[in-house]
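The values are calculated or read from the model by the stated rules, or taken from the named source; none is laboratory data. It should be emphasised that the depicted structure is a prediction, and the values quoted were computed from it without experimental measurement. Here the Cβ positions follow ideal geometry from the backbone for every residue, glycine too, while neighbour counts run over all protein chains shown.
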Amino acid sequence: MKQKPKQKPKQKPKQKAAETVERLRALYPEAECALRYEGEPWRLLVMGILSAQCTDARVNIISEDLFSRFPTAGSLAEAEQPEIETAIKSCGLYRTKAKNIKASCAMITSDFNGIVPDNMDDLLKLPGVGRKIANLILGDIYGKPAIVTDTHCIRLSGRLGFTSADERRPERVEKTLAGLIEPSEQTDFCHRLVLFGREVCRARKPLCDNCPLCDLCTYYKTNSQ
């Protein structure tokens, strides 16, 4: 990890956001989605549904078996729900997720000609899909500006001072960051926040003394005194 930067004068929010983007890019030049969806949009959608209250690592493991049994969105749409449940049983909320996966794949097949929608309105029609998953699809599949407000994004936004420290409403965080981060940077920025949140700015015992963003961080300034 880089040497801790010296304190800088207070920056305007957009300047601070741009500096944060640059430093995270230097730390993680290759920003990629942690879900291994093999370039298939419908797979990323299914894995997004599976990811609720489940780690990316676990989703990747579960999905290997799921996609070997059901290699297309159509095959998942036609599957019996108990079959899907069996394949994803080690994932939390597996009954609800199986129901939503089957229904979403059926809708993609019947209503969207087998193509995962490329806009927020249509994506939100799919069972089990909220703004977080929809933004994941829009950013990673279609290259559109998108803020994925997962737990790391929400936590780090508060600690860095982009949002209030107690803000937990995903849509509020999404709206704030969308106004601060350049559209072309948003998807990669969110992937980098995940990596940074796992390695440095952990939920418990963040590694503040070795943090390359500490001079930008409201949490650090408040808790280091």
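Would you tally the residues in region 84-116 being crowded, with 18+ Cβ neighbours inside 10 Å and without any contact (Cβ under 8 Å) to a residue 12 or more places away in the chain?
1
So in region 175-225, with the set limited to residues that are outside any loop (DSSP other than H, G, I, E, B) and among the basic types (Lys, Arg), which one is farthest from the chain's Cα centre (by Cα)? Steps first, please.
At the first step, the residues of region 175-225 found to be outside any loop (DSSP other than H, G, I, E, B) are 175-180, 183-199, 208-210, 214-216, 218-223.
If we keep only those that are among the basic types (Lys, Arg) as well, we get 175, 192, 198, 221.
Values: LYS175: 15, ARG192: 10, ARG198: 13, LYS221: 27 Å.
Filtering region 175-225 for residues that are outside any loop (DSSP other than H, G, I, E, B) and among the basic types (Lys, Arg), the one farthest from the chain's Cα centre (by Cα) comes out as LYS221.
Of all residues in region 78-99, which are in contact with a Phe, Trp or Tyr (Cβ under 9 Å, 6 or more places away or on another chain), in a helix (DSSP H, G or I) and within 13 Å of VAL46 (Cβ to Cβ)?
Matches in region 78-99: ILE84, ALA87.
When only residues in region 193-207 that are among the basic types (Lys, Arg) and without any contact (Cβ under 8 Å) to a residue 24 or more places away in the chain count, which is nearest to GLU30 (Cα to Cα)?
In this case the residue turns out to be ARG202.
Among (1) over 21 Å from LYS125 (Cβ atoms); (2) not in a helix (DSSP H, G or I), which single condition is SER75 missing?
Result: SER75 passes all but (2).
Any idea how many residues of region 162-174 are surrounded by fewer than 17 Cβ atoms within 10 Å (Cβ to Cβ) and either touching a residue at least 12 places away in the same chain (Cβ under 8 Å) or assigned to a helix (DSSP H, G or I) (or both)? Steps first, answer last, please.
If we filter region 162-174 for residues that are surrounded by fewer than 17 Cβ atoms within 10 Å (Cβ to Cβ), which is where we start, we get 164-169, 171-172.
Subset that is either touching a residue at least 12 places away in the same chain (Cβ under 8 Å) or assigned to a helix (DSSP H, G or I) (or both): 165, 167-168, 171-172.
Residues meeting the conditions: 5.
Between a residue in region 120-131 that is without any contact (Cβ under 8 Å) to a residue 12 or more places away in the chain and any residue that is not in a loop (DSSP other than H, G, I, E, B), which pairs come within a Cβ distance under 7 Å, given they are 6 or more apart or on different chains?
Qualifying pairs under 7 Å: LEU124/ALA134.
Can you spot a residue in region 38-48 that is outside the structural domain of VAL194 (by TED's automatic domain parsing), touching a Cys at 6+ places or on another chain (Cβ under 6 Å) and either in contact (Cβ under 8 Å) with a residue 12 or more places away in the chain or outside any loop (DSSP other than H, G, I, E, B) (or both)?
no
This table checks each residue for (1) out of contact with any Lys or Arg (no Cβ under 8 Å at 6 or more places or on another chain); (2) closer than 30 Å to GLY161 by Cα.
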{"site": "ARG23", "(1), (2)": "yes, yes"}
{"site": "LEU27", "(1), (2)": "no, yes"}
{"site": "GLU30", "(1), (2)": "yes, yes"}
{"site": "TYR37", "(1), (2)": "no, no"}
{"site": "GLU40", "(1), (2)": "yes, no"}
{"site": "ARG43", "(1), (2)": "yes, no"}
{"site": "ALA52", "(1), (2)": "no, yes"}
{"site": "ALA79", "(1), (2)": "no, no"}
{"site": "ILE101", "(1), (2)": "yes, no"}
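Of all residues being among the charged types (D, E, K, R) and under 19 Å from LEU123 (Cβ atoms) in region 38-65, which is surrounded by the fewest Cβ atoms within 10 Å (Cβ to Cβ)? Just the residue, please.
Of all residues in region 38-65, those among the charged types (D, E, K, R) come to 38, 40, 43, 56, 58, 64-65.
Imposing the further condition that a residue be under 19 Å from LEU123 (Cβ atoms) reduces the set to 40, 43.
Working: GLU40: 16, ARG43: 20.
Top of the filtered list is GLU40.
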